[in-house]
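Worksheet: one structure, shown below.
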Amino acid sequence: MKVVYLAVVVIVALSMVALAVSPTNVALVKQNVVSGVAHPTGRVGGETIATATVIGALPFSDAGNTCAFLDDYDEVCPYTGSTSPDCVYAFTPGADVVVDIFLCMSSYDTKVFVYEDAHTPGAPYACNDDNGACGDYNTYMYQSWLTEIAFYAGHTYYIVVDGYGGDCGDYILDVYEVELCVVECPAGALLEGEVDCYDGYVDNFNGGINSEPPVYSYVDCSNETIVICGTSGVYDFEGSDYRDTDWYMLNVEVPATITIGIEAEFGALIGFVDIANGVFYVSTTTPSCTYATLSYSVPVGETVIFVSTDSWDTGYVCGSDYYLTIDGYECTSAVEEGSWGSIKALYR
Ligand SMILES: [Ca+2]
Ligand SMILES: [Ca+2]
Ligand SMILES: [Ca+2]
Ligand SMILES: [Ca+2]
């Protein structure tokens, strides 16, 4: 079990920096490593939709234990076959609201899904098993967090606190209103040019070394700050969650400290990639609508910048916007300002 667990961690970690060589390398099956401890007296939520615990107002916080409940519901998000016990909360907003449903601080391999107005098996309104961005990855890799879910006035939303693989345990549920993040493309920015991803999408545009053969968006040097508007998001590919990764190739003429920055409608991951060894030189993450920068001293030659979502949160819908800034990627000679015609997705 220990060996299997380590193997899974390696695969997940690699795919996290988007270095799985092909879609088939992403783990389809996961292992439980966080085990719930039965606290039969810890019941809090309702047993079923009909007996759901009512959420009166937001923000809402509750804590309990799922182990003494029955397994009434399950959804595939995207992992199948769970027999975990579950409990249910219900919320009927008086006005339209956008919420996060946060189970990150729970002690077991949680899953959460939402039904709108009725039990619709196989077609939940929203669903998350492992968010991946809950906190320290090794500790919280299997906890759930649904972000920016729209709840509409007059509808009733049933929140099912569930688990993966039969797991159960102590949960901490927070439901709270969030601002819907909208990122505007700055005037005059260059455009990434990739289509928005979709279920079944294969990135032959700028998927970097995730693509076969590797493909990049090439960026010419500029003595001005380069701004690129693009999109990313999470999609389903043959039953697994994938994310659109965007790889930008610079051809640096003089050693330089290059600073990249991003603001995105999703939690973003950016970094400078050592493509020969399949690792980041440096990387950073930033929450949605929060501009962050990252600097790195690059030698002469090819430098690769990676942009994607910071997790496989299916709330990061395809077509979510970002803009990327690149500073310090200067030309050795006077050159016309970067025109987007100079950025191409080339196959090689
Ligand atoms: Ca269940
Ligand atoms: Ca989970
Ligand atoms: Ca993209
Ligand atoms: Ca891409």
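The values are calculated or read from the model by the stated rules, or taken from the named source; none is laboratory data. Everything quoted here is computed from the prediction, not taken from an experiment. All Cβ positions, glycine included, derive from the backbone under ideal geometry; neighbour counts span all protein chains shown. All accessible areas refer to the heavy atoms of the entire protein, side chains included, with ligands and DNA or RNA removed. Shrake-Rupley method; radii C 1.70, N 1.55, O 1.52, S 1.80 Å.
Key figures for this structure:
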| quantity | calculated |
| --- | --- |
| Criterion (in contact with a Gly (Cβ under 9 Å, 6 or more places away or on another chain) and either open to solvent by less than 20 Å² (accessible area, probe 1.4 Å) or assigned to a loop (DSSP other than H, G, I, E, B) (or both)) met by exactly one of A95, A90, A123, A118 | A90 |
| Yes/no for S232 being without any contact (Cβ under 8 Å) to a residue 40 or more places away in the chain, open to solvent by less than 40 Å² (accessible area, probe 1.4 Å), assigned by TED's automatic domain parsing to the domain that holds T290 and within 13 Å of ligand 4 (Cβ to nearest atom) | no |
| Test: residue in the stretch 138-154 that is β-branched (V, I, T), out of contact with any Leu (no Cβ under 8 Å at 6 or more places or on another chain), closer than 17 Å to T92 by Cα and within 16 Å of ligand 1 (Cβ to nearest atom) | no |
| Selected residue [farther than 18 Å from S144 by Cβ, of a type outside the set (A, V, I, L, M, F, W, C) and not assigned by TED's automatic domain parsing to the domain that holds Y242] from P78, P85, P59, P93 | P93 |
| Test: residue in the stretch 48-59 that is modelled with pLDDT under 95 and outside any loop (DSSP other than H, G, I, E, B) | no |
| Check on I262, open to solvent by less than 10 Å² (accessible area, probe 1.4 Å), in the same structural domain as T325 (by TED's automatic domain parsing) and β-branched (V, I, T) | yes |
| Residue that is farthest from ligand 3 (Cβ to nearest atom), among those in the stretch 198-229 that are assigned to a loop (DSSP other than H, G, I, E, B) and open to solvent by less than 10 Å² (accessible area, probe 1.4 Å) | S222 |
| From E184, E194, residue being within 16 Å of ligand 4 (Cβ to nearest atom), not small (G, A, S) and not assigned by TED's automatic domain parsing to the domain that holds V44 | E194 |
| Restricting the stretch 59-81 to residues that are open to solvent by 10 Å² or more (accessible area, probe 1.4 Å) and of a type in the set (S, T, N, Q), the residue that is nearest to C168 (Cα to Cα) | T80 |
| Boolean, P85 is part of a loop (DSSP other than H, G, I, E, B), touching a Gly at 6+ places or on another chain (Cβ under 8 Å), within 25 Å of G239 (Cα to Cα) and not aliphatic (A, V, I, L, M) | yes |
| Scope the stretch 167-190; condition more than 20 Å from V114 (Cβ to Cβ) and either touching an Asp or Glu at 6+ places or on another chain (Cβ under 6 Å) or of a type outside the set (A, V, I, L, M) (or both); matching residues | G169, D170, V183, E184, C185, P186, G188 |
| Odd one out for N251, checked against (1) open to solvent by less than 60 Å² (accessible area, probe 1.4 Å); (2) outside any loop (DSSP other than H, G, I, E, B) | (1) |
| Sole exception among (1) open to solvent by 60 Å² or more (accessible area, probe 1.4 Å); (2) closer than 25 Å to G135 by Cβ for A268, by number | (1) |
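Per-residue answers, yes or no, for (1) free of Cβ contacts under 8 Å to residues at least 60 places away in the same chain; (2) in contact with a Pro (Cβ under 6 Å, 6 or more places away or on another chain); (3) away from ligand 2 (no atom under 16 Å from the Cβ); (4) within 22 Å of V317 (Cα to Cα):
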site	(1), (2), (3), (4)
D136	yes, no, no, no
T156	no, no, yes, no
D170	no, no, no, no
E179	no, no, yes, yes
V183	no, no, yes, yes
G188	yes, no, yes, no
E194	no, no, yes, yes
D203	yes, no, yes, yes
